[in-house]
Number of protein chains: 2
Amino acid sequence: MKAYRRKLDVANGRVDLSHGAGGRAMGQLIEGIFHKAFDNDWLRAGNDQSAFSVPGGRMVMTTDGYVVSPLFFPGGNIGTLAVHGTINDIAMAGAVPLYLSASFIIEEGFPFAYLERIAQSMGAASREAGVPIITGDTKVVERGKADGVFISTAGVGMVPDGLDLRSDAARPGDAVIISGSIGDHGVAVMSKRENLEFDTDIVSDSAALHGLVADMVAAGGAHIRLMRDPTRGGIAATLNEIASQSRVGFRIDEDKIPLKPEVAAACEFLGLDPLNVANEGKLVAVVAPEGADAVLATMRAHPLGSEAALVGHVVADDNCFVQMTTSCGGRIVDWLSGEQLPRIC
Amino acid sequence: MKAYRRKLDVANGRVDLSHGAGGRAMGQLIEGIFHKAFDNDWLRAGNDQSAFSVPGGRMVMTTDGYVVSPLFFPGGNIGTLAVHGTINDIAMAGAVPLYLSASFIIEEGFPFAYLERIAQSMGAASREAGVPIITGDTKVVERGKADGVFISTAGVGMVPDGLDLRSDAARPGDAVIISGSIGDHGVAVMSKRENLEFDTDIVSDSAALHGLVADMVAAGGAHIRLMRDPTRGGIAATLNEIASQSRVGFRIDEDKIPLKPEVAAACEFLGLDPLNVANEGKLVAVVAPEGADAVLATMRAHPLGSEAALVGHVVADDNCFVQMTTSCGGRIVDWLSGEQLPRIC
Ligand SMILES: Nc1ncnc2c1ncn2[C@@H]1O[C@H](COP(=O)(O)OP(=O)(O)OP(=O)(O)O)[C@@H](O)[C@H]1O
Ligand SMILES: Nc1ncnc2c1ncn2[C@@H]1O[C@H](COP(=O)(O)OP(=O)(O)OP(=O)(O)O)[C@@H](O)[C@H]1O
Ligand SMILES: [Mg+2]
Ligand SMILES: [Mg+2]
Ligand SMILES: [Mg+2]
Ligand SMILES: [Mg+2]
Ligand SMILES: [Mg+2]
Ligand SMILES: [Mg+2]
């Protein structure tokens, strides 16, 4: 993530919720404090995971912390997210996820029964995905010093020979494909949030995407420029991130973006733009024009990509704008500003 | 960790601070909930890290969460711990640490200046160790829902060909070697804890041990049965863990265990047994008798092992007791009971 406006006031500033929301403020914090301090090219590459070579080939590693509130929501819980999300960040490199680690930070007083339910669904999710959790850690803090449980998972995977997806690879003319409807996860979580509960049948799309990705790589590996899972900040953040990393713009078509009517309605009710809402089982792929049809057809043949759609194209743009054609003309799609959706994953 | 007495009451029980203290209760929680749910042989092996094969050889992966309070203490801070601790769990397999990930969970309102200080010292620790932090994550929770910052690091490393250290490998007659004085880290942290502050010159021993380990492996790799870093629960927990995993006992000699007089005094003041107090830059090695002298000599030649000592031996014991000879006879060294030392790492 590059090109932020305000300067980070390291001497006097404080972390606020926007610094965890997947938008500009978060990128600024990561660049201004963490990347500066850790200072290496792996981080600067700015991918959802980092690749490295071992004697037998190329591997990737990734990590995410999970602080979702509430812990249980329609379609999943913090544990399934922690498995799916980390598998997905590995898969976005086109890599085959191999192993996970899981670190638990638990608040004193947290019921064993909840912990077991979470652990059981992590076990089930990891077995279903074929990616075992091979090592873990358990810390406990005093009552009031955490919020139930936080989980950080890390994962490693193997990159197929010859594949090299990277955040700066998008080129004008490339197709932008989304694997399915947007905003389901965020709306499902918000629908159960305290002081906000509303009635909806929406369930989180939380799912492990490595099977879909394996099919895509088999069908059009050489044509896939890069993939991202549009989690925090939604596809607006993802497209803006890719735009600034690849120094290009996007032109997308609102009508083509899959969106469930109930999600659209809930977003209107909540005052949210579905483009900013988190997904946990979707991917955005940027594909060279000559591979777009094959990749799209392969995605549609997979249960997790049956509603995949080609929603627009990469364009040359020094401003790195994401432009969207709408029924009433067009607009610029910006990052989420501020702290609209804290603790969504 | 095996063989606990009480049964875990999953239906009605709650997590308390003892479940994070490195003792019997923690082992019971991990076995009764996590290992059951995640169900695989990697976890059941019960090592500080897990090993797996990739085309080019054998690798290990590990993770730890860090919740130390206070965040800054003599000799380090939460960030240096998060780098050293995870490197050490990799090194305990005799492996060469390669890469780290870092997941930050930050409380709203946390000053950028603290975050930068922590990140800067992590960067310095990782560069000094030659183990870069290649990927990360940043989440923010509302004020009062965390305690400043929690960090989970994961790490991967490469196991030298032919080396296979494992928790069940200790055999009667093996030598037990400790790399240096015990209890320094725990006492340094406690000395700065709110409502407890006391005057001492003790600083944490927090350090990355992979250089020491590489020398040990070069000198006596074939004779090293296993290694552990005695973190939470101290060497008492480490020896009891090895004892029950290898189905053996230990006989150690109190007089031979390196212990700084100031640490002994502080422990007496705090009502703690130094054997239960956490270390963050020490290791315990179980070494076949024929290799003990060479390994010990090599350790003493390394700055982080200059006070290494052979403190006892493995004995046959169906009860898996850790027995200690003291100036006034002898006693059984048990796990830490309860919640004496929360948030020490
Ligand atoms: N929540 C968990 N789920 C699965 N396995 C776990 C979990 N917590 C711990 N473990 C496993 O239990 C064993 C003991 O973990 P522990 O954290 O005590 O080791 P350590 O990291 O060497 O110690 P410390 O965390 O004090 O540095 C390890 O094999 C670890 O992988
Ligand atoms: N604290 C941090 N230190 C170093 N790098 C970080 C840190 N937090 C995030 N990053 C890096 O910033 C980039 C963006 O991270 P981000 O968490 O937004 O990606 P993601 O995991 O794909 O999204 P999400 O966490 O919403 O699932 C990644 O390259 C990541 O490695
Ligand atoms: Mg992610
Ligand atoms: Mg641990
Ligand atoms: Mg991602
Ligand atoms: Mg550890
Ligand atoms: Mg992330
Ligand atoms: Mg350890």
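Here are some notes:
- Residues A:Lys7, A:Lys282, B:Lys36, B:Lys260, sorted by accessible area with the largest first, give A:Lys7, B:Lys36, B:Lys260, A:Lys282 [1.4 Å probe; ligands and nucleic acids excluded].
- Complex-versus-alone comparison for region B:147-169, residues with a loss of 10 Å² or more in accessible area, probe 1.4 Å: B:Asp147, B:Phe150, B:Ser152, B:Ala154, B:Val156, B:Met158
- A simple spin-label model places the labels of A:Glu128 and B:Leu196 4.3 nm from each other, with each point 7 Å out along Cα-to-Cβ.
- At 7 Å out from Cα toward Cβ: A:Asp201 inter-copy label distances (nm, ascending): 7.4
- With θ taken as phi - 60° and the Karplus curve 6.51 cos²θ - 1.76 cosθ + 1.60 applied, the whole-hertz 3J(HN,Hα) list for region A:17-23 is 4, 5, 6, x, 9, x, x Hz, x standing for glycine and proline.
- Interchain or long-range residues, amide H under 5 Å from A:Gly330's placed H: none
- Shielding by partners for peptide A:63-72, expressed as the average number of C-beta atoms from other protein chains within 10 Å of each residue's C-beta, is 5.
- B:Ala222/B:Ser337 FRET efficiency (R0 60 Å; Cβ-Cβ; nearest 0.05): 0.95
- For A:Val159, the solvent-accessible surface computed with a 1.4 Å probe is close to 20 Å², ligands and nucleic acids excluded.
- Here the Karplus relation 6.51 cos²θ - 1.76 cosθ + 1.60, evaluated at θ = phi - 60°, turns the backbone of region A:180-195 into coupling constants of x, 5, 9, x, 4, 4, x, 5, 4, 5, 4, 5, 10, 7, 3, 6 Hz, with x for every Gly and Pro.
- For B:Val333, the accessible surface of its heavy atoms amounts to roughly 10 Å² (probe 1.4 Å, protein chains only, rounded to the nearest 10).
- 10 Å Cβ neighbours from other chains, averaged over peptide A:91-100: 2
- Summed over both chains, the accessible area lost when A and B associate is about 7300 Å², using a 1.4 Å probe.
- Rounded to 5, the percent of DSSP beta bridges in the protein assembly as shown classed as antiparallel: 80 percent
- For chain A, averaging the sequence separation of C-alpha pairs within contact (under 8 Å, six or more residues apart) and dividing by the residue count gives a relative contact order of 24 percent.
- Here the calculated FRET efficiency for A:Glu290 and B:Ser53, from their Cβ-Cβ distance with R0 = 35 Å, stands at 0.40, rounded to the nearest 0.05.
- Counting all C-alpha pairs of region A:175-332, share separated by more than 19 Å (%): 53 percent
- On the protein assembly as shown, 48 percent of the accessible area sits on carbon and sulfur atoms, based on a 1.4 Å probe.
- Test item: A:24-30 mean partner chain Cβ contacts at 10 Å: 2
- Over region A:175-332, relative contact order from alpha-carbon pairs under 8 Å, at least 6 apart, %: 43 percent
- Karplus-derived 3J(HN,Hα) values for region B:40-51, using 6.51 cos²θ - 1.76 cosθ + 1.60 with θ = phi - 60°, are 7, 6, 4, 5, 4, 4, x, 8, 5, 8, 10, 9 Hz; glycine and proline are entered as x.
- This model, with +1 at the C-beta of Lys and Arg and -1 at the C-beta of Asp and Glu, gives region A:186-345 a dipole about its Cα centre of some 360 debye.
- Largest to smallest principal axis extent of the C-alpha atoms in chain B, angstrom: 56, 51, 46
- B:Val96 sits with roughly 80 Å² accessible to a 1.4 Å probe, with DNA, RNA and ligands left out of the calculation.
- Approximate shape of the protein assembly as shown as ellipsoid semi-axes (Cα gyration tensor, √5λ), whole Å, largest first: 46, 25, 23
- Accessible area of chain A divided out per residue, in Å², using a probe of 1.4 angstrom: 35 Å²
- Surface listing: A:Asp174, B:Asp164 arranged by accessible area from highest to lowest gives B:Asp164, A:Asp174, probe 1.4 Å.
- Amide H to amide H, with H built 1.01 Å from N, A:Val96 comes under 5 Å of A:Met158, A:Val159, counting only residues 5 or more places away or on other chains.
- Contact order normalised by residue count of region A:35-181, Cα under 8 Å, 6+ apart, percent: 33 percent
- At an R0 of 30 angstrom, the distance between the Cβ atoms of B:Asp255 and B:Asp318 translates into a FRET efficiency of 0.65.
The values are calculated or read from the model by the stated rules, or taken from the named source; none is laboratory data. Small disclaimer: the values here were computed from a predicted structure and weren't measured. Note that each Cβ is placed from the backbone with ideal geometry, even for glycine, and that neighbours are counted across all protein chains shown. For the accessible areas, the whole protein counts, side chains as well, though only heavy atoms, and no ligand, DNA or RNA atoms are used. Shrake-Rupley method; radii C 1.70, N 1.55, O 1.52, S 1.80 Å.
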